[in-house]
Amino acid sequence: MSSGEQELIALFRKKNFWPQLLWVMTMIVSVTVSSLLNSPPLFVASILIPFLGLNESGRWSYKTNLLLCVISAVAGTVFGIFKWFEMMSVFILLFTVGGFMLYYKEKSTRLLPILNNLGNKVSQGKNLQEVISLSLEQIERILPECEVIIAIEDGTGKLFLPETATSPKKMLRRNGSAMWKVFASGRSYVTGSIEISRDHPLWRDACSMMVVPLKARGDKFGVLEIESPLMNDFSQVNLLNLEAIAFVISQLIYPFSSLMDLNGEEININANN
């Protein structure tokens, strides 16, 4: 069995029970020690660290983990380490930390229905032009204030903007732009302050941009670029989300990757990579 297959199996395997027990035992021991030492800072750490560990292990629910830590906080109050007001502060700390954990987990899962809807819409395209047009349409709905650009390789190392319902096919000059650099390196790029001489945006009102490569089955065949009229409009999290979007549309564009060159002859770009 290959390492990749083992990782895939591990991803869907039910998590072991022992990490939860280990964190509970750690919390019991640390709470006892902090009680004996009469150390409130150590007691807070004895609750907060196991709480993070229990949630990271993922076998029990957030509410169960929170209940265990609340019981520990009440025990600390009974043992005299905390006053009731101080115990309420611990509750606020736990709810705040737990709330942030759930918020960021929700943000990551919020992307899944977007990707699912994007895939369903774009998959209705019957040729390269339709797939590109649908991709642009769906991404523009997600980023309505931005300029969305998809460039494809023509099979000879040149990039072009495919024909859509609203614009003709356009070849792109190799000018050392951020788009060309991302296509050449295969590495994503984000900047909050565009420099014309360095980034060469296609939209004259662009102030910040994200650029990610389009890849499928090991083949690199295009670039997805987002240009915004606002300064510092994108973060590294936005870039990761865009990479997920690029992954979805790459799989849908790839079947139509036999493109036309300038002379109208069909070229299989896979043979040139």
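The values are calculated or read from the model by the stated rules, or taken from the named source; none is laboratory data. Bear in mind that the values here come from a model prediction, so they are computed numbers and not experimental data. Reconstructed Cβ throughout: ideal geometry from the backbone, glycine too, with neighbour counts over all protein chains shown.
Here are some notes:
- The single condition among (1) among the acidic types (Asp, Glu); (2) within 19 Å of residue 136 (Cα to Cα); (3) free of Cβ contacts under 8 Å to residues at least 60 places away in the same chain that residue 195 does not meet is (2).
- When 165, 184 are checked against the criterion of being of a type in the set (A, V, I, L, M, F, W, C), at pLDDT 90 or above and loosely packed, with under 15 Cβ neighbours inside 10 Å, a single residue qualifies: 184.
- Residue in the range 217-229 that is part of a helix (DSSP H, G or I), within 21 Å of residue 136 (Cβ to Cβ) and among the small types (Gly, Ala, Ser) present: no
- From the options 15, 105, residue that is at pLDDT below 70, surrounded by fewer than 16 Cβ atoms within 10 Å (Cβ to Cβ) and within 30 Å of residue 250 (Cβ to Cβ): 105
- Residue in the range 156-177 that is within 18 Å of the chain's Cα centre (by Cα) and touching a residue at least 60 places away in the same chain (Cβ under 8 Å) present: no
- Boolean, residue 190 is assigned to a strand (DSSP E or B), of a type in the set (Val, Ile, Thr), in contact (Cβ under 8 Å) with a residue 24 or more places away in the chain and assigned by TED's automatic domain parsing to the domain that holds residue 237: yes
- Residue in the range 194-205 that is part of a strand (DSSP E or B) and small (Gly, Ala, Ser) present: no
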